[in-house]
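Everything below concerns the one structure shown next.
Any read-out appearing in this document is the output of simple, stated calculations on the displayed coordinates, not a laboratory observation. Only a predicted model underlies this, so the values are computations on that prediction, with no experimental measurement involved. So basically every Cβ, Gly included, is an ideal-geometry build from the backbone, and we count neighbours across all protein chains shown.
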Amino acid sequence: MPMSRFRPNIVLDGDAEPHVEDGMRAVGIGGAELGYAKPAIRCAVTTVDQDTGAKAGPEPLTTLARYRRAPRGGVAFGAEFAVVRPGKISVGDEVAVTAWDEPEV
């Protein structure tokens, strides 16, 4: 499944456990500081091929719904963060998680 289906602003790379972002609460990247806002609830756009605009089927929502149902409804994948301190972020910047908490999902 191509990453473009999820329309991310920031993608973390490395050997972290799946869904590690669920517990992140404060993150520093480059000169910016981000604070956790909520789980990213996914819509039907994830089932559309972003290159052609054609509906590509029920995935990834069907699979994610089996184990990523959010308590308040919907299917969660990823997390939404708010800018606490603006700053420049560049590809390859190190990510420093400065606060953790229990995942909502």
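Amide H contacts of residue 81 (H built 1.01 Å from N, in plane; Pro and chain starts excluded): 37 sit under 5 Å, all sequence-distant by 5 or more or on other chains. What FRET efficiency comes out for residue 26 versus residue 72 if R0 is 35 angstrom and r is the Cβ-Cβ distance? Round to the nearest 0.05. So the FRET efficiency works out to roughly 0.95. For Rg and Dmax of the Cα atoms in Å, the listed values are [x] 13.7, 46; [y] 14.7, 40; [z] 18.1, 62; which was obtained by calculation from the structure presented? Here the calculated entry is [y]. 3J(HN,Hα) couplings calculated from phi for region 13-23 with the Karplus curve 6.51 cos²θ - 1.76 cosθ + 1.60 (θ = phi - 60°) are, in sequence order, 10, x, 10, 5, 5, x, 6, 4, 5, 4, x Hz; Gly and Pro show x. Listed values for region 69-86 are Karplus-derived 3J(HN,Hα) couplings in whole Hz (6.51 cos²θ - 1.76 cosθ + 1.60, θ = phi - 60°), namely 5, 7, x, 8, x, x, 10, 9, 7, x, 9, 9, 10, 9, 6, 8, 9, x, and x replaces Gly and Pro. Database remark: amide H of residue 26 closer than 5 angstrom to the amide H of 36, 98, 99 (H placed geometrically; neighbours at sequence offset of 5 or more, or on other chains; Pro and chain starts carry no H). I want the local charge near residue 101. Using Cβ-Cβ distances under 10 Å, sum +1 for each Lys or Arg and -1 for each Asp or Glu among the other residues. Once positives and negatives cancel, what remains is -2.
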